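Worksheet for the structure shown next.
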Amino acid sequence: MNLLPTATSTDVEKQQPRVAVLPVGSFEQHGRYLPLVTDTAIACIIAREIANTYPVHLLPPITVSCSHEHGSWPGTVSISAKTLFAVIDDIQASLARSGIEKLVIVNGHGGNYVLSNVVQEANVDGPRMSLFPLSSDWEQARKHAELVSDRHGDMHAGEIETSLLLHAAPELVRPGYENADHDGGARRFLLTLGMGAYTDSGVIGYPSYATAAKGKAVLASLTDAFAEHLEVLGEPSTGRLVGG
């Protein structure tokens, strides 16, 4: 799959978008069957579908973020929360200089807690930034797709992530997800002890329930939910693109 937008400067000039969409992923372990780039791929899949549906400016992804809880697994790479904050702050300022005042962050990694603070601070003087998907957006998508698992139990490399990739990028899914289910329990001290205290495989979730059809339904629900984020930013949500 192509994770990068291919628009030219001329395309953007012609479209004159008022809202930019920034995928933020991670580079962290996702068990034996999903790649390190899973969260980035999912953020890009969602952002690409949004850009195919609404008149927004699609940005390339931030591919390394705050994955410190996964640091005990080979291949995982992290940056600090303050660095991620600074990068997004710089991106927003650059967009504003080019005439795009509003930004939606499409977050693919639950450990990027700092993004809530980025959005909170950006909106002190009025709505300019939104974080997507919110918890309620994910819950709605799970119900729409009739997923078996819930958000707590299906935290990482489970039913929803595997389903999204089976639908949109099946070439990234390796064999083994069919029998990799793991219940990580309550996980009260995840931030203190890291993922390794709750899973040996790196998986907390139920990938055996994953299907491409569920992934398609999840993506459709999230795409519809994005309209409300445009509205809260003061932008029309009715301007769906042809075919969107």
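Among the protein heavy atoms of the chain, carbon and sulfur supply 53% of the accessible surface, probe 1.4 Å, non-protein parts ignored. Principal-axis analysis of the Cα atoms of the chain puts helix 135-145 at an angle of about 70° to the longest axis. Near VAL19, the amide H atoms lying under 5 Å from its own belong to HIS57; only residues 5 or more places off or on other chains count, and H is placed 1.01 Å from N. Straight-line cross-link reach from LYS143 at under 24 Å between alpha-carbon atoms covers these lysines, not counting any fewer than eight positions away in the same chain: LYS214, LYS216.
Over the chain, dividing the summed -39,500 (n - 2.57) contributions of all DSSP H runs of at least 4 residues by the number of residues returns a 222 nm mean residue ellipticity of -12000 deg cm²/dmol.
Dipole of the stretch 80-166 computed with +1 at Lys/Arg Cβ and -1 at Asp/Glu Cβ about the Cα centre; of GLY110, GLY158, GLY126, farthest Cα towards the positive end is GLY126. For the stretch 103-177, the percent of C-alpha pairs falling in each 5 Å distance bin, counted from 0 to the bin holding the largest distance, reads 3, 13, 21, 21, 17, 12, 8, 4, 1, 0. Annotation: amide H of GLY110 has no partner in the under-5 Å range at sequence separation 5 or more or interchain, hydrogens built in the peptide plane. Could you state the angle between the C-alpha long axis of helix 81-97 and the longest principal axis of the C-alpha atoms of the chain, as a value from 0 to 90 degrees rounded to the nearest 10? Around 20 degrees separate the two axes.
Build a GNM of the chain with springs between Cα atoms under 10 Å apart, and of LYS216, LYS14, LYS143 the one that fluctuates most is LYS14. Think of the stretch 184-244 as a dipole: +1 on every Lys or Arg Cβ, -1 on every Asp or Glu Cβ, centred on the Cα centre; then among ALA227, LEU190, THR238, LEU190 lies furthest on the positive end. Here the Kirkwood formula puts the hydrodynamic radius of the stretch 1-144 at 15.8 Å, using every distinct Cα pair. Compute the acute angle (0 to 90°) between the alpha-carbon long axis of helix 212-232 and the principal axis of greatest extent of the alpha-carbon atoms of the chain; round to the nearest 10°. Here the helix axis deviates by roughly 40 degrees.
So how far, in whole Å, is the C-alpha centre of the stretch 1-25 from the one of the stretch 129-186? Taking the Cα centre of each part, the stretch 1-25 and the stretch 129-186 sit 26 Å apart. Taken over the stretch 160-244, the percentage of Cα pairs per 5 Å bin, counting from 0 up to the bin with the maximum distance, is 3, 13, 16, 14, 13, 15, 12, 8, 6, 1.
Each listed q (0.25, 0.30 Å⁻¹) maps to a log10 I(q)/I(0) for the stretch 184-229, found by the Debye formula over equal Cα scatterers with no solvent: -0.81, -1.00. Counting only heavy atoms of the protein chains and using a 1.4 Å probe, ASP11 has close to 80 Å² of accessible surface. Solvent exposure of HIS68, expressed as accessible area, is near 120 Å², computed with a probe of 1.4 Å over the protein chains only.
Note that the stretch 186-199 has calculated 3J(HN,Hα) couplings of 6, 6, 5, 10, 4, 5, 8, 9, x, 5, x, 6, 10, 7 Hz, one per residue in order, obtained from phi through the Karplus relation 6.51 cos²θ - 1.76 cosθ + 1.60 (θ = phi - 60°); glycine and proline are x.
Note that the chain presents 48 Å² accessible area per residue, ligands and nucleic acids not counted, probe 1.4 Å.
The values are calculated or read from the model by the stated rules, or taken from the named source; none is laboratory data. What you see is a predicted model, and the numbers here were worked out from it, not measured in a lab. Here the Cβ is made from the backbone with ideal geometry for all residues, glycine too, and neighbour counts use every protein chain on show. Just so you know, the surface numbers come from the protein's heavy atoms only, side chains and all, with ligands and any DNA or RNA stripped out. Shrake-Rupley method; radii C 1.70, N 1.55, O 1.52, S 1.80 Å.
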